[in-house]
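Written out below as structure tokens is the structure these notes cover.
The values are calculated or read from the model by the stated rules, or taken from the named source; none is laboratory data. Just so we're clear, the structure is a prediction, and the values are computed from it rather than from any experiment. Here Cβ is always computed from backbone atoms with ideal geometry, including for glycine, and neighbour counts include all displayed protein chains.
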Amino acid sequence: MILKIKHFVVFITICGISACSKKQHHPIQISANQISIDSKINEVDSLEFFISPYRKRINTVLDSTLAYVSNDLVKDDGALNTSAGNFLADLVYEQANPVFESRTGNSIDFVVLNHGGIRAIVSKGYVNARTAYQVMPFENYIVVVEMDGTAVRDLLSFLAKSGRAHPISNMELVLDKTGNYTKTVINGQPFDEKRTYFVASNDYLVQGGDDMGFFKNRTSIINTDYLVRNAIIDYFKKMDTITSTVDNRFIQLN
């Protein structure tokens, strides 16, 4: 009797395993419809009731006036430096340098960002946190890279040959008619290829974005854990009136 029960259990187990092994099926056609999220979609009252207080709070925070900009900050008003680029690079230096100093005991020597990273102009008038999101919609962090003189030489060569007004700060660069440097001053001192420099940028560029491959030759990298966007907002908060213009920080002689 026991033997028969064992045989029955084995038989049931085999049947169960067989039943679980299903034949593989493959779709023969896939179709999809695009549904536009626009004003034609009717609101759901219960969802609107739930979301409305959060929307109002977010809009209040984003639209509260933080500072006044005395002139339009644009990215096409100069050949090798622009009002928008100078504004962004200078505030990154001003906001990030104290953080870097407190953590390392060192100071940032200069800042390099990318022209394409500025996603909106800053119009004359009052600015707020929403303005910062428009200028910098990306989740990019300010990082500081330690680079030897040879790597910085590559960086300078890139700036000279790029033909774009990549934002820089705490530097003074002058090119002659042929594109060679006649003046290279970093942090108030002539460029010295025998020393190392601390260069502030953002994590996207340091990873090689926008063809900035020279950053791969870094000695070390320190993440400030400070979003570029947050640096803009903090700068707005501490300033009453903001102005930025094209200057002589990077020019080419005729």
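A few remarks follow.
- Residue match in the range 145-153 (condition: of a type in the set (Asp, Glu) and either touching a strand residue (DSSP E or B) at 6+ places or on another chain (Cβ under 7 Å) or under 23 Å from GLN207 (Cβ atoms) (or both)): yes
- The residues in the range 154-185 that are touching a strand residue (DSSP E or B) at 6+ places or on another chain (Cβ under 8 Å) and without any contact (Cβ under 8 Å) to a residue 12 or more places away in the chain can be counted, and the count is 1.
- In the set ILE2, ILE17, ILE30, ILE41, only one residue is at pLDDT 80 or above and either hydrophobic (A, V, I, L, M, F, W, C) or closer than 30 Å to ARG130 by Cβ (or both); that residue is ILE30.
- Answer from ASP203, ASP210 - the residue that is more than 26 Å from SER102 (Cα to Cα), surrounded by 12 or more Cβ atoms within 10 Å (Cβ to Cβ), in contact (Cβ under 8 Å) with a residue 60 or more places away in the chain and under 16 Å from the mean Cα position of the chain (by Cα): ASP210
- Qualifying residue in the range 244-252 (condition: among the hydrophobic types (A, V, I, L, M, F, W, C), outside any helix (DSSP H, G or I), crowded, with 20+ Cβ neighbours inside 10 Å and at pLDDT 95 or above): yes
- Every residue from the range 213-243 that is assigned to a strand (DSSP E or B) and over 18 Å from the mean Cα position of the chain (by Cα): ARG218, THR219, SER220, THR241, ILE242
- Residues in the range 159-192 that are assigned to a loop (DSSP other than H, G, I, E, B) and among the polar types (S, T, N, Q) were compared, and the one that is nearest to the chain's Cα centre (by Cα) is ASN170.
- Residues in the range 49-65 include at least one that is among the aliphatic types (A, V, I, L, M) and in contact with a helix residue (DSSP H, G or I) (Cβ under 8 Å, 6 or more places away or on another chain).
- The strands (runs of 3 or more DSSP E) found entirely in the range 73-149 that carry 1 or more residues being of a type in the set (D, E, K, R) are 141-148.
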